[in-house]
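Accompanying notes for the structure given below.
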Amino acid sequence: MVSVTASTTPQTHLGRKGTQAGVPHDGGTAGNADPAPAADAGDAPDTLKRLRQPRRGSLARRMVLIAAGWISVLLIGGGIALDRTLTNQIEQSFDDQLEYILTAMIASAEIDPLGEVYFNLRLGDQRFLEPNSGLYWQISGGEYEPWPSRSLWDRTLELEGDHFDNDAHFYDSSQFEGEPLRIAERSVILPGSETRWTFAVASATEERDFQIQQLRLILIWSFAALALGLIVMALLQVRYGLSPLRRVRAAISKLRSTGENRITEPLPSEVQPLVEELNGLLAHSETQAEEARMHAGNLAHALKTPLTVLTNAATAHDPNLSELVRRETKTMQRHVEHHLARARAVGRRAAGLSRADVWPSVESVLRAVTRIHEHARFDLDGNKKAVVSIERQDLDEILGNLIENAAKYGGGSVFVTVDAVPDSDDCLIWVEDDGAGIPDSERTRIFDRGARLDTGKPGTGLGLAIVRDVAEIYGGDVTLMESEDLGGLLVELRLPRA
């Protein structure tokens, strides 16, 4: 027996130089068993669980509150702006009317021979002649007594009169009890007189304030009705817009009550991706459940025959019972190991997206197998950065079975190529040996559980079966071919790239 694990002799293979894989053992072994799960720490009390759960808000309530908030802000802001605009227009119109009367007074005013003011045209508004009518005028200036309109009766307007300009001056006055006034005045010097005359027109603001009050009342009721209508519309929109979610909930409830396994009801495009993901999850769960049922049935069927044989032998007091027990328990052990490997792979695949670096996994397996088969030569070549979509433990188990079989049944040389065809969509891993190979007629049967071509060497006959099943779980496959360079068996392991 010649050991070449420490050899540095290069070997040319497929146009590449192999790298020696014999390195000090790091404690890793092919096909390690899963660690025992940690014990549960115990469930918290129901009250604490409820306290720790995050509060679940209503999506419809959130949407309605947001809509109501924005509607309120916009309507209040718009109402205030519209109120100020219309109120200013009413006040401006009121002032314009006073200024028009004031201009008419100045235009019709003249100076008589005594130096006093008189009107050559009579003012047309009848209210100037009615006492306490709410519309008044007054002219004052110099040493002359104020000249009031008849509507003032025995009262006199207290004017500011402290300015002299070409424009009318407006201000509010409360000199008459219970009758707020708006006064427009202007100081002018009439032709034929050197006296500065102050012309004033005053009007009670009751009518103007009443118009503003009526306007605001209309605005309040109009905007309140508009706000109510918009909120009702938002409620209807939310109810109608979220109706597909209620239909999804009803469809899920129907799945639970009728036993259906898909949601087939047509839904809007915004909800359809959610339904498709849910259908995918249901299909995934259904596949897992079916796999679990199939594995349980297969395991039960596989154990049924050995248990029956042992029961019959024990009942008949078979003298070869110990040998029979040893043989049948070994058979049962093979079946249990096979189904446990499949169950572990299915569980890891369901845990989420898997990734594993191929090169470190191959090196780890080669270190372990080198300690067992010291006579064999192991060479490694290929892409050191290849990454596949599989759990590292399952990849180690697959490679461990393939490399150990190559070392056990080969002639002493094993060559592993990582990513043998870089342009391929999947990552191809070749494991070659220089043994006798496997005939074409036996390459299909060898994947059966317990199938062995060489019964002279120890083994359970489960290696290739486990390799095939675990690879298929992750979307890969295994193919047996003849090695062109070493002349023995070439096992091509195909795994999806990460």
### Task
Go through the residues of the stretch 253-269 one by one and say whether even a single one is of a type in the set (S, T, N, Q) and touching a residue at least 40 places away in the same chain (Cβ under 8 Å).
no
### Query
Is one or more of the residues making up the stretch 101-111 out of contact with any Leu (no Cβ under 9 Å at 6 or more places or on another chain) and either more than 30 Å from residue 230 (Cβ to Cβ) or at pLDDT 90 or above (or both)?
yes
### Message
Pairs needed: first member in the stretch 406-426, at positive phi; second member anywhere, surrounded by 23 or more Cβ atoms within 10 Å (Cβ to Cβ) and part of a loop (DSSP other than H, G, I, E, B); C-beta distance under 8 Å; at least 6 residues apart or different chains.
### Response
412/376
### Filter result for the condition that a residue is modelled with pLDDT of 85 or more and surrounded by fewer than 16 Cβ atoms within 10 Å (Cβ to Cβ), over 440, 448, 477, 433
477
### Task
Check residue 371 against each of (1) at pLDDT 85 or above; (2) surrounded by fewer than 12 Cβ atoms within 10 Å (Cβ to Cβ); (3) over 45 Å from the mean Cα position of the chain (by Cα) and name the one condition it does not meet.
(2)
### Task
Answer yes or no as to whether residue 317 is over 21 Å from residue 414 (Cα atoms) and either at pLDDT 70 or above or touching a Leu at 6+ places or on another chain (Cβ under 9 Å) (or both).
yes
### Task
Provide a single number: the residues in the stretch 142-184 that are of a type in the set (Asp, Glu) and surrounded by 12 or more Cβ atoms within 10 Å (Cβ to Cβ).
3
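Taking the stretch 360-388 only, how many residues are assigned to a loop (DSSP other than H, G, I, E, B), touching a helix residue (DSSP H, G or I) at 6+ places or on another chain (Cβ under 9 Å) and more than 20 Å from residue 464 (Cα to Cα)?
As a first pass, look at the stretch 360-388 and keep what is assigned to a loop (DSSP other than H, G, I, E, B): 373-376, 383-386.
Retained after the next criterion (residues that are touching a helix residue (DSSP H, G or I) at 6+ places or on another chain (Cβ under 9 Å)): 373, 375-376, 383-386.
Still in the running and more than 20 Å from residue 464 (Cα to Cα): 375-376, 383-386.
Here the count works out to 6.
Of 143, 116, which residue is touching a Phe, Trp or Tyr at 6+ places or on another chain (Cβ under 7 Å) and of a type outside the set (S, T, N, Q)? Before the answer, list the steps.
Numbers: 143 fails: touching a Phe, Trp or Tyr at 6+ places or on another chain (Cβ under 7 Å).
Testing whether each residue is touching a Phe, Trp or Tyr at 6+ places or on another chain (Cβ under 7 Å) and of a type outside the set (S, T, N, Q) leaves just 116.
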#### Entry: Count of the stretch 389-423 residues which are outside any helix (DSSP H, G or I) and more than 33 Å from the chain's Cα centre (by Cα)
14
### Task
Give the number of residues within the stretch 221-245 that are over 16 Å from residue 63 (Cα atoms) and polar (S, T, N, Q).
1
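Residue-wise test of (1) in the same structural domain as residue 144 (by TED's automatic domain parsing); (2) part of a strand (DSSP E or B); (3) modelled with pLDDT of 85 or more.
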position	(1), (2), (3)
175	yes, no, yes
207	yes, no, yes
220	no, no, yes
231	no, no, yes
267	no, no, no
273	no, no, no
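The values are calculated or read from the model by the stated rules, or taken from the named source; none is laboratory data. Please read these numbers as outputs of a predicted model, since none were measured by experiment. Here Cβ is always computed from backbone atoms with ideal geometry, including for glycine, and neighbour counts include all displayed protein chains.
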